[in-house]
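S.K.: Sharing a structure below in structure tokens format, with a few things to ask.
Read-outs: derived from the displayed coordinates by stated rules, not from any lab. None of the values given here were measured: they were computed from a predicted structure. Backbone-built Cβ (ideal geometry, glycine too); neighbour counts: all protein chains shown.
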Amino acid sequence: MSAGGDKGVRDLLQRGRAFDFSGQQQAWLQFKESMRRDRTFDFMVNVKDLKLDVSHGPILYIEDLNVSFDGFKAINNLNFYVDAGELRCVIGANGAGKTTMMDIITGKTRPDSGSVFFGQQIDLLKLSEPEIAEIGIGRKFQKPTVFEHHSVFENLELAMAGDKRVFRTLFAKLNGPQRDRIDEVLGIIGLREHAHRDAGSLSHGQKQWLEIGMLLMQDPLLLLVDEPVAGMTHQEMDRTAELLLSLQGKHSVVVVEHDMDFVRSIANRVTVLHQGSVLAEGSMEQVQNDPRVVEVYLGE
Amino acid sequence: MGLLKPLRGDTGGQVMLGVLLLVAIVVPVLNLAVPDGNPLHVSTYTVTLLGKYLTYALLAVAVDLVWGYLGILSLGHGAFFALGGYAMGMYLMRQIGDRGVYGDPILPDFMVFLNWPELPWFWQGFDQFWYASLMVVLVPGVLAFVFGWLAFRSRVTGVYLSIITQALTYALMLAFFRNEMGFGGNNGLTDFKDILGFSLQSDATRIGLFLASALALALAYLACRWIVGSRLGRVAVAIRDAEARTRFIGYRVDRVKVAIWTFSAVLAGIAGALYVPQVGIINPGEFSPLNSIELVIWVAVGGRATLYGAVIGAIVVNYGKSYFSGAFPEAWLFALGGLFVFVTLFLPQGIAGLFRQLRRRRNGAAAAGVTA
């Protein structure tokens with residue numbers, strides 16, 4: 001009886017001791033952890049030092065992503081991968097979560113849970129919008145947003161890849177190669193004769209092109225292109241398709257588009273989003289023949 | 001000539017600086033060389049009045065830099081102006097020495113009156129002109145930096161930002177009204193005697209201050225024009241027009257804003273420092289939110305996002321104010337309100353916009369003449 005009692009007391013004491021010291025122990029462990037020399041800590045990482053690692057194939061990993069707005073699940077357990085150098089089309093009805101997905105990749109919206117990695121090592125959820133732009137993700141918006149009070153040339157100049165810190169920008173001067181690059185892009189987007197016009201006075205299609213040009217100037221590794229051909233004529237659409245196809249290989253491109261003809265003309269692989277998750281993925285024929293896809297999207 | 005490079009293509013600025021140069025030469029000559037009775041004589045009162053307008057113009061340029069080019073509608077720039085003014089006022093107070101009413105060699109009169117045994121720590125050093133000058137720049141600059149860093153990092157924009165700038169200047173006004181703050185409370189700082197050993201009552205000092213104001217305005221104008229013409233200036237306009245887009249192409253919007261905002265506050269502080277010795281007093285009324293709103297009106301009247309328009313607006317409105325408050329003291333505020341309504345309705349781009357329109361029409365007529 002008494003032995004059992006002693007044991008009980010000893011147990012209690014030990015437990016008590018363990019409990020007492022657990023806080024300190026934890027602090028000690030944290031301290032030890034922070035002294036490890038083989039680890040780099042997030043707060044010490046300079047964006048410039050981040051290296052893109054695509055050795056396993058994909059350049060973009062989205063896993064178990066969830067986000068809801070006022071109870072509406074805009075993204076629901078989404079898993080989505082894009083290979084390096086791939087041109088991928090994403091289709092889906094309104095509200096399927098396409099734009100929200102882009103918002104999350106570019107840092108505009110923070111998800112409730114899940115992970116988004118650029119290559120294998122760069123956690124995009126820890127970076128701000130300018131940092132994400134700096135490591136090489138460019139975005140074209142659904143509604144073309146160009147700087148209306150700047151000329152076409154200046155729009156491209158501002159978007160140009162380079163040191164974008166305040167004092168560097170204050171003293172920045174265009175050099176020869178940079179001018180050539182701007183001129184080259186002006187040629188690609190067919191706006192050379194409009195170079196010194198205010199961007200605000202361009203037509204809708206021209207603004208779309210200018211925005212694509214700004215993306216090219218940024219020279220990103222991954223381009224997110226939201227509805228590039230909205231408001232374009234068929235000719236313009238063909239040229240856009242040509243341009244996007246020419247980027248393939250050197251850049252990875254994700255195109256969100258409603259226009260099925262356009263998607264058919266460029267896509268190797270298509271991902272269909274529905275209610276915030278992937279409904280089907282594969283070649284255009286596969287996707288088109290998928291009964292679920294036919295039911296929710298193409299069959300309308 | 002490198003100094004004038006930013007003026008290339010800025011006709012309005014060239015004309016404005018030309019006029020400023022002319023005034024800076026003619027006014028002192030008419031004051032000093034032309035005898036009193038002559039109708040061409042410019043009285044010292046007028047010189048000081050003009051000098052005051054020039055400091056207002058400098059303040060307006062500072063506001064136009066952040067409002068016109070960066071899209072930040074500051075309703076609290078009067079605070080930076082007043083802080084610069086107080087820093088200068090503290091120097092001028094210390095220069096009084098034992099010539100005050102109570103004759104204390106160190107303590108300003110109001111401290112003797114409040115029975116303060118010694119000079120508070122923040123008054124130390126203000127007997128030195130260089131130290132006061134440093135504070136003129138540093139105090140508004142540091143306040144603007146901290147305020148901007150907090151506000152812009154949290155992405156406070158638009159109307160909300162305007163309201164907190166207004167709150168900032170209001171809070172400072174209430175603080176400076178308190179005697180315990182050590183800045184002369186309600187009465188502020190006044191009864192100044194001399195600056196750098198020159199009597200503030202003498203005509204030559206008045207002209208010196210007038211010229212210093214003209215020079216400060218010209219240099220600040222060139223500096224702002226240079227910033228606006230740089231790539232940073234184009235980034236600023238990009239932020240004004242599409243802030244989110246600017247972020248997505250990789251610019252750290254908050255840092256750009258803090259940098260330009262702080263520079264603007266420093267200019268406002270310098271304007272305040274030049275203002276105080278010319279008007280001879282600084283009191284908490286300068287922090288009044290109404291002042292900051294009025295100066296936004298100067299910029300609107302002159303024409304936003306032109307810089308030279310801000311100069312025109314500041315001078316025109318203040319000349320009108322001097323005239324109206326002399327001729328019809330009760331009507332001044334109605335005139336100001338009416339002016340603002342008139343400008344908003346008929347001159348949305350201000351006086352500068354009117355000039356531009358006239359020039360375009362004339363050029364159009366000339367072109368039509370050529371084809372005919």
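S.K.: Equivalent-ellipsoid semi-axes (√(5λ), Cα gyration tensor) for chain B, whole Å, largest first?
M.R.: So the equivalent ellipsoid measures 35, 27, 19 Å along its semi-axes.
S.K.: Go ahead and run the numbers for FRET between A:S283 and A:R192, Cβ-Cβ distance against an R0 of 45 Å, rounding to 0.05.
M.R.: 0.75
S.K.: Which whole-number percent gives the relative contact order of the stretch A:221-272, counting Cα pairs below 8 Å spaced six or more residues apart?
M.R.: Over the stretch A:221-272, the number comes to 49 percent.
S.K.: Quick one: which residues, 5+ away or cross-chain, put their amide H under 5 Å from the amide H of A:L87? H built at 1.01 Å from N.
M.R.: Those qualifying (amide H under 5 Å, at least 5 residues apart or on another chain) are A:V253.
S.K.: Go through the stretch A:101-113 residue by residue and turn each phi into a ³J(HN,Hα) via Karplus (6.51, -1.76, 1.60, θ = phi - 60°); whole Hz please, and just put x for glycine and proline.
M.R.: After applying 6.51 cos²θ - 1.76 cosθ + 1.60, I find 4, 5, 4, 6, 4, 8, x, 6, 10, 9, x, 6, 7 Hz.
S.K.: Relative contact order for the stretch B:2-371: what percent, with Cα pairs under 8 Å and sequence separation of 6 or more?
M.R.: Dividing the mean separation by the residue count of the stretch B:2-371 yields 30 percent.
S.K.: Using only DSSP helix segments of four residues or longer, with each worth -39500 (n - 2.57), what per-residue ellipticity at 222 nm results for the protein assembly as shown after dividing by its residue count and rounding to 500?
M.R.: -18500 deg cm²/dmol
S.K.: Collect residues whose amide H, placed 1.01 Å from N in the peptide plane, falls under 5 Å from the amide H of A:H274; neighbours closer than 5 in sequence don't count.
M.R.: Distant-sequence amide H within range of A:H274: A:L279.
S.K.: Separate question: Under the definition of partner shielding as Cβ atoms of other protein chains within 10 Å of a residue Cβ, what is the mean value for peptide A:156-165?
M.R.: Counting Cβ atoms of other protein chains within 10 Å of each residue's Cβ and averaging gives 4.
S.K.: Arrange the following residues from fewest to most other Cβ atoms within 10 Å of their Cβ: B:I163, A:I135, A:I75, A:I212.
M.R.: Placing the least packed residue first, the sequence is B:I163, A:I135, A:I212, A:I75.
S.K.: With +1 on each Lys and Arg Cβ and -1 on each Asp and Glu Cβ, how big is the dipole of the stretch A:157-253 about its Cα centre, in debye rounded to the nearest 20?
M.R.: Using only the charged Cβ atoms, the result is roughly 440 debye.
S.K.: What does the structure give for A:129-136 when I average, per residue, the other chain Cβ atoms found within 10 Å of the residue Cβ?
M.R.: 5
S.K.: Output the relative contact order of the stretch B:17-116, whole-number percent, from Cα pairs under 8 angstrom with separation of 6+ residues.
M.R.: 10
S.K.: For the stretch B:105-165 and the stretch B:291-321, what is the separation of their Cα centres, given in Å?
M.R.: The two parts, judged by their Cα centres, are 26 Å apart.
S.K.: If one takes the longest principal axis of the Cα atoms in chain B, at what angle in degrees, from 0 to 90 and to the nearest 10, does the Cα axis of helix B:231-241 lie?
M.R.: In chain B, helix B:231-241 runs at an angle near 80 degrees to the longest axis.
S.K.: Further question: Quote the FRET efficiency, to the nearest 0.05, computed for B:W226 versus B:K193 with a Förster distance R0 of 56 Å and r equal to the Cβ-Cβ distance.
M.R.: It comes out at approximately 0.90.
S.K.: So between A:S68 and A:V54, what do we pick up on full extension, going 0.36 nm a residue minus the alpha carbon distance?
M.R.: Between A:S68 and A:V54, full extension yields an extra 2.0 nm.
S.K.: Are any of the pairs A:K140/A:K250; A:K140/A:K207; B:K52/B:K321; A:K98/A:K143; A:K51/A:K207; A:K73/A:K207 more than 22 Å apart by Cα-Cα distance, and if so, which?
M.R.: From A:K140/A:K250; A:K140/A:K207; B:K52/B:K321; A:K98/A:K143; A:K51/A:K207; A:K73/A:K207, over 22 Å: A:K51/A:K207; A:K73/A:K207.
S.K.: Helix B:253-279 against the longest principal axis of chain B: what's the angle in degrees, Cα atoms only, rounded to the nearest 10?
M.R.: Roughly 50 degrees, rounded to the nearest 10.
S.K.: How long is the stretch B:68-179 along each principal axis, judged by its Cα atoms, biggest number first, in Å?
M.R.: Largest first, the stretch B:68-179 extends 51, 28, 21 Å along its Cα principal axes.
S.K.: Using DSSP, restrict attention to beta bridges with both residues in the protein assembly as shown and report what percent are antiparallel, rounded to the nearest 5.
M.R.: 60
S.K.: Next question, about the same structure. In the protein assembly as shown, if the dipole is taken from +1 on Lys/Arg beta carbons and -1 on Asp/Glu beta carbons about the Cα centre, which of B:L3, B:V266, B:N31 is farthest to the positive end?
M.R.: B:N31
S.K.: What is the Rg over Rh value, at two decimals, for the protein assembly as shown, using alpha-carbon atoms and the Kirkwood definition of Rh?
M.R.: Reported Rg/Rh, Kirkwood definition of Rh: 1.09.
S.K.: Taking the mean number of other Cβ atoms within 10 Å as a proxy for protection, how do you rank A:167-176, B:133-142, B:35-44 from highest to lowest?
M.R.: For the peptides A:167-176, B:133-142, B:35-44, the packing ranking is B:133-142, A:167-176, B:35-44.
S.K.: Mean-square fluctuation check for chain B, GNM, Cα pairs under 10 Å: which of B:G197, B:G13, B:G302 is largest?
M.R.: B:G197
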